[in-house]
1. On a 21 Å Cα-Cα criterion, which of the cross-link pairs K178/K232; K374/K477; K179/K301; K5/K111; K101/K316 come out too long?
2. I need S117, S103, S172 ordered by Cβ neighbour count within 10 Å, fewest first.
3. Does anyone have the angle between helix 214-266 and the longest principal axis of the chain? Alpha-carbon axes, 0 to 90°, nearest 10?
4. Translational D (Stokes-Einstein, µm²/s) of the range 262-370 at 20 °C and 1.002 mPa s when Rh comes from the Kirkwood sum over C-alpha pairs?
5. Which value, in debye to the nearest 20, describes the size of the charge dipole of the chain about its Cα centre when Lys and Arg Cβ atoms bear +1, Asp and Glu Cβ atoms bear -1, and nothing else is charged?
6. Treat the chain as a sphere of radius equal to its Kirkwood radius over Cα pairs and apply Stokes-Einstein at 10 °C in a medium of 1.306 mPa s; give the translational diffusion coefficient in µm²/s, rounded to a whole number.
7. Which chymotrypsin sites (Phe, Trp or Tyr not before Pro) from the range 226-262 combine a DSSP loop assignment with at most 14 other Cβ atoms within 10 Å?
8. Dipole magnitude of the range 258-381 about its Cα centre, charges +1 at Lys/Arg Cβ and -1 at Asp/Glu Cβ only, in debye to the nearest 20?
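Here, each number is a calculation from the coordinates, and none is a lab measurement. The structure presented is a predicted model; accordingly, all values stated were derived computationally and were not measured. Don't worry about glycine lacking a Cβ; one is built from the backbone with ideal geometry, like all the others, and counts go over all protein chains shown.
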Amino acid sequence: MRVMKQFFAYYKPYKGLFLLDFGCAVLAGALELAFPVAVNVVIDDIMPHNNFRYILLACLGLLLFYILNTFLQYIVVYFGHALGVNIETDMRRKLFSHLQKQSFEYYDNQKTGKLMSRLTTDLFEISEVAHHGPEDVFITIMTLVGSFYLMFRMHASLAIAMILLVPFITFSMYFFNKKMTTVNTEIYENLGEFNAGIEASVSGIRVTQSFANEAHEKQRFHHLSELYRQSKHTFYRVMGISSAYNYFLIRLMNLFALVFGSYYTLRGELTSGQFVSFILLSNVFVRPIEKVNIMIESYPKGIAGFKRLNEELNRKPAIQDSPTAKPVTKLAGYIHYDNVSFAYDPQHPVLDHVSFSIKKGETIAFVGQSGSGKTTVCNLLPRFYERTGGKITIDGIDIQDITLQSLREQIGTVQQDVFLFPGTIRENILYGKLEAAEAEVERAVKLAHLEFVINQLPDGLDTVIGERGVKLSGGQKQRVAIARMFLKNPPILILDEATSALDTETEQVIQESLNQLAKGRTTLIIAHRLATIRHATRIIVVSPAGIVEQGTHEELMATHGAYRRLYESQFGRSDT
């Protein structure tokens, strides 16, 4: 009941459309019951008068019924499916909005293919149930009750004989529906794995071909396909048994109507018109039962999909605004980490009581061995991950007291692994400031030293770059990302080895631009190549044990500590 209540809540915005669809479906179902009654009247009341004109008038009345029913069928099919699509769209928007709120940690543990399956396949099935569900159930009950009532009025004993098989069909519907819902849940899980496998194989095709591992990928794909195939086979085996079982019972009901109807007609308890009408009513009676087979196939899919949707929507985002959070419009950039701790796994802390302060306009570089936690330190500032202990403030305000959107609007990030969206260079740069004017875009291009690249392309800024910017070189993609950050122009910058994909000459040019941009702004640099951070106001050496040392390049070189060892491992011994 709780699931059904949640499901029907999606109908609220479309009450008018639902009532139109549902009302027309009910009226169409009622008109279907009129035909057997009309046949009874024609045979028993009109034909004995030998007046063909009356018969034609009766048939004309039925024709009008059929014309009306044809119009009703159009409304049910078109507007009913429109209702289903509207509900599907609302669910998809709600799910997408929910996914947008999830933290980096959530996506660290998810497969893209599974999420895609939830946004597409699951919701397709839910849409069908949203359209057909209420009307199918109601019309099935209405048709069964209506046709039984009409048959009962004609001959009570015969009508009762007809419904003796209904409990068996009801039992099969319950049993098979439950079993197929379970199977469908398994199918969706396997489909998610299947989609995830395809997504990984297609995305990694260059790696596959470079290692000549096509045979391995085919084998992996075959395994995933087999899991999905076996699940579908199980589903259709159960559906086949259900369909065959119901088919036999339904035909048995038709046979009952023919045998006993003939018997009672020969005994004079039924007129010829009533007998024909009874046969027609028995067909009307079994028609909704036949529909049960379709319901058994589609409803479990929709129910399983809706349960999975609710499971996802009920998953609270790990990072969200606190009740007291307020938006900020402009931060100066004074940053303080006070005994900050963080762990992906409680048993293995990444940061343990780290403390440091950054003044407005300072450029702070974080260095250390891979896995030391320098990237994590910076990811905690825009709350990509949530600290597990301590406090982080900007301008004296706890970042948890700032709304996520306004906090992240104040921080610009260029990540080491550049991600570009499918589309044009212009669209990717505009991602930094969606409403930016053309002059602002051109300025960002100039500051990122992207002009030469743009001029070499046939369509300039409107050049389509392909999925993940595949048509651009690594350095070109990095410069597009830097231009995007220039356009955002935030007071706080995080540069995760922002020049790592550039050649030495280009790196020097971009470094000059970054230095210019950093003036008057608080800048955090995650550095692996120590030559790029000699200009930093302060260098902080991070290790799993915490902050080892900090100071300027010259100061740290003079201490002969961890920083000097890192420097000499990259450039050889130095007398600096």
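1. On the way: K178/K232 16 Å; K374/K477 24 Å; K179/K301 11 Å; K5/K111 30 Å; K101/K316 9 Å.
Checking Cα-Cα distances, K374/K477; K5/K111 exceed 21 Å.
2. Working: S117 23, S103 15, S172 19.
If I rank by nearby Cβ atoms, fewest first, I get S103, S172, S117.
3. The angle comes out at about 20 degrees.
4. Details: Rh = 22.9 Å.
In µm²/s, the coefficient rounds to 94.
5. Once rounded to the nearest 20, the dipole reads 800 debye.
6. 53
7. On the way: sites: Y228, F235, Y236, Y245, Y247, F248, F256, F260; in loops: none.
Of the chymotrypsin sites (Phe, Trp or Tyr not before Pro), not one in the loops of the range 226-262 has a Cβ with at most 14 other Cβ atoms within 10 Å.
8. Numbers: 13 positive and 10 negative charges, 64 e Å.
It works out to roughly 300 debye.
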